[in-house]
Amino acid sequence: MADVRLALTPFDPAAEMTAFAAAHGGAGGIVSFLGQVRVGEGVTALELRHYEPLTLPGMIALAASTEARWPLAGLLMIHRSGVLHPGEPIVLVAAAARHRRDAFAAADFAMDHLKSEAWFWKREQVGAVWRWIEPRDQDYADLARWT
């Protein structure tokens, strides 16, 4: 059963990974991806908005789809919503499996879907100006690999 969370406050990726690894000691491989707000480029804040009736249920459905494709021992998916600042974690996806390739593929699949099909609206602040961020063509190309 996947651990899927929509986080409205900061989370500690190291503590989350320590707990996840401890819970899945029998896995031969654990793969994780941590997305964070970039430092530099003038970005002072990143805001992620979500629509409550869709976001968490969509994340749970994505986790179920991921677990159906690969034989996983565990799956962790945490995604922030709200205003974040440079260096803060945005998303953590971890997959535990008997074999590393399954863990790599599952984490990659989940991230590609979160990046392109997620139920979040994202904007960044540079100076005093906010601008909306749309998925890039590369994000859609990454997603197309899985069809």
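The values are calculated or read from the model by the stated rules, or taken from the named source; none is laboratory data. Predicted, not measured: the structure shown is a model, and the values here were computed from it. All Cβ positions, glycine included, derive from the backbone under ideal geometry; neighbour counts span all protein chains shown.
Some points to look at:
To keep it simple, each residue is scored yes or no on (1) within 18 Å of PHE11 (Cβ to Cβ); (2) among the charged types (D, E, K, R); (3) in contact with a Phe, Trp or Tyr (Cβ under 9 Å, 6 or more places away or on another chain).
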| residue | (1), (2), (3) |
| --- | --- |
| ILE30 | yes, no, yes |
| PHE33 | yes, no, no |
| MET59 | yes, no, yes |
| VAL91 | yes, no, yes |
| ASP102 | no, yes, yes |
| ALA107 | yes, no, yes |
| TRP119 | no, no, yes |
| GLY127 | no, no, no |
| TRP132 | no, no, yes |
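- Restricting the first member to segment 131-147 and to residues that are under 25 Å from GLU47 (Cα atoms), and the second to residues that are at pLDDT below 85 and of a type in the set (A, V, I, L, M), the beta-carbon pairs closer than 9 Å and six or more apart or on different chains are PRO135/ALA118; PRO135/LEU143.
- Unmet criterion (only one of (1) under 14 Å from the mean Cα position of the chain (by Cα); (2) of a type outside the set (Val, Ile, Thr); (3) closer than 23 Å to GLU124 by Cα; (4) part of a helix (DSSP H, G or I)) for LEU54: (1)
- All of (1) on the phi < 0 side of the Ramachandran plot; (2) surrounded by fewer than 20 Cβ atoms within 10 Å (Cβ to Cβ) hold for ALA94 with one exception: (2).
- Single residue of segment 127-147 satisfying the filter (over 27 Å from VAL39 (Cβ atoms) and in a loop (DSSP other than H, G, I, E, B)) that is modelled with the highest pLDDT: ARG145
- Cβ separations smaller than 6 Å between residues 6+ apart or across chains give no pair from segment 102-113 residues that are without any contact (Cβ under 8 Å) to a residue 24 or more places away in the chain to residues that are assigned to a helix (DSSP H, G or I).
- Residues of segment 7-28 classified as among the polar types (S, T, N, Q) and touching a helix residue (DSSP H, G or I) at 6+ places or on another chain (Cβ under 8 Å), total: 0
- Residue match in segment 34-45 (condition: more than 30 Å from GLU124 (Cα to Cα), in a strand (DSSP E or B) and touching a His at 6+ places or on another chain (Cβ under 8 Å)): no
- Yes/no for TRP121 being modelled with pLDDT under 95 and either assigned to a strand (DSSP E or B) or surrounded by fewer than 20 Cβ atoms within 10 Å (Cβ to Cβ) (or both): yes
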